[in-house]
1. Go through TYR147, TYR62 and list them by solvent-accessible area, largest first, probe radius 1.4 Å.
2. For LYS388, give me every one of the aspartates and glutamates with a C-alpha distance below 17 angstrom, ignoring sequence neighbours fewer than eight places off in its own chain.
3. Only helical DSSP H runs with n ≥ 4 go in: add -39500 (n - 2.57) per run for the chain, normalise by residue count and round the 222 nm mean residue ellipticity to 500 deg cm²/dmol.
4. Can you tell me which of LYS293, LYS386, LYS261 moves the most in a GNM of the chain? Springs connect C-alpha atoms under 10 Å apart.
5. Under the rule of at least 5 residues apart or a separate chain, name every residue whose amide H is placed under 5 Å from the amide H of SER214.
6. Let me see the pair-distance distribution of the stretch 182-259: every alpha carbon pair, 5 Å bin width, integer percents in order.
7. What translational diffusion coefficient, in µm²/s and rounded to a whole number, does the Stokes-Einstein relation yield for the stretch 309-379 at 4 °C and a viscosity of 1.567 mPa s, taking the hydrodynamic radius as the Kirkwood radius over Cα pairs?
8. Arranged from highest to lowest average of other beta-carbon atoms within 10 Å per residue, in what order do the peptides 371-379, 274-282 appear?
Amino acid sequence: MKNLSNKKVLFIICGGISAYKSLEIIRLLKKNNAEIKTILTKSAKEFVTPLSITSLSQGKVYDDLFNLENETEMDHITLSRWADLIIVAPITANTIAKLSQGSSEDLASTVILASNKQIFLAPAMNVRMWEHQSTQDNLKKLKNYGYKVIGPVIGDMACGEYGEGKMSNPTDIYHEIYNFLSKQTKNRKIKALVTAGPTKEFIDPVRYITNKSSGKQGYELAKSLSKRGFETTLISGPSNLKIIDEKINLIKVETADEMLKATQKSLPTDVAIFSAAVADFKIDRQNQDKIKKQQDLTIKLEKNIDILNYVSNHNSMRPKLVIGFAAETNDLIKNAKIKLSSKNCDWIIANDVSKKDRGFDSDYNEVTIFYKDSKNKDEKLSFKKKSKISEEIVDRITAQIN
Ligand code: CTP
């Protein structure tokens, strides 16, 4: 089978006795026609040689940040953008600690920090180091950032001890990579649309009504979808957030009317996720000139079109999967279930916005997914980073759509 053709894997090897096992993963990837570039950390070179890796991978081996400053080389940003997936195998307790701190002291950590791709980590270390609270805390942080951790497994260690800490079997690691990359290829043919952020409804040329939405959850969802290969369009209301993934088609809008038009233009799509906090009302007649100070002022509002409703009831272009959001301060379950059916959604993702540490403008969230299909039970995704919540939502989207 040659089905990893056109897939690009950036393979990072850290220092550790199991580094030699990575050669087998590289061999399997190459056998399936993946394109591989490798980074060796300084200590990895004590265990494997650049020559053995180039011979197997037939790709470039990098070991030094300064190498990349040569104009003929890729810079670290280009290198991290080049990859479809980054795997660090083995990853040591030290590199786990460095990554959890956002360190960028060598080429491997710099490329990872600059990456917007899926990163897999295959830890290998002594059982005590693995079980140490600091290692576990660091890993928890990395998982929260969206890193995928493979293994380690239990077994005899090179140091003579027995326990959890052995790097997973190369074939198992290869299968994880293979599954991710082949799903990514399948998803390439699948279009996903995400609305995010607030909208601004103008009263006059300088004043407007808006809400507290930051757009973070929607941006994270778009990033996760794109990482998995979905052809992603993000329609965003005003937000300070940046997107560094050039594959995401970002459309910036201000008002609900503009968001509706952009959505209509982006149809048909296979998946549509409505995370935007669209203003329910707009000013019925926007003043062309700035309103002057006066004793009192009455502004008449009229209802905005519900974009989600428009899409979910479209007779010819309803997406296969329509996902709405429900931001609630009370009666979450009841309100979410009402929205699920009244807005004709396949799923409603509900969150409680009455708590300060999650939801609006926070990096964290806790959500419950309600499904139209009664075979699926409601699912709570417990309190965690919005990036991780997005990964978990996209896991479910990938399973459903494929
Ligand atoms: N939504 C939309 N267009 C609108 C209003 C809402 O697409 N004009 C979408 C949101 O993006 C979200 C879902 O509808 O996915 C729920 O929005 P919400 O404002 O919570 O629901 P409402 O129906 O406005 O109910 P509420 O009375 O709770 O505000």
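The values are calculated or read from the model by the stated rules, or taken from the named source; none is laboratory data. Owing to the predicted nature of the structure, the values given are computational and were not obtained by experimental measurement. Methodologically, a virtual Cβ is constructed for each residue, glycine included, from the backbone with ideal geometry; neighbour enumeration extends over all protein chains shown. With ligands, DNA and RNA removed, areas are computed over all heavy atoms of the protein, side chains included. Shrake-Rupley method; radii C 1.70, N 1.55, O 1.52, S 1.80 Å.
1. My answer, sorted largest first, is TYR147, TYR62.
2. Cα-Cα hits under 17 Å: ASP137, GLU220, ASP357, ASP361, ASP363, GLU366, GLU379.
3. Working: 13 runs with 134 residues, N = 402.
Here the helix-only value at 222 nm equals -10000 deg cm²/dmol.
4. Evaluated over the chain, the most mobile residue of the options is LYS293.
5. Excluding prolines and chain starts, which carry no amide H, the hits are ASP361.
6. Reading upward from the zero bin: 3, 16, 25, 20, 14, 10, 6, 3, 1, 1, 0.
7. For the chosen part, D equals 101 µm²/s.
8. For the peptides 371-379, 274-282, the packing ranking is 274-282, 371-379.
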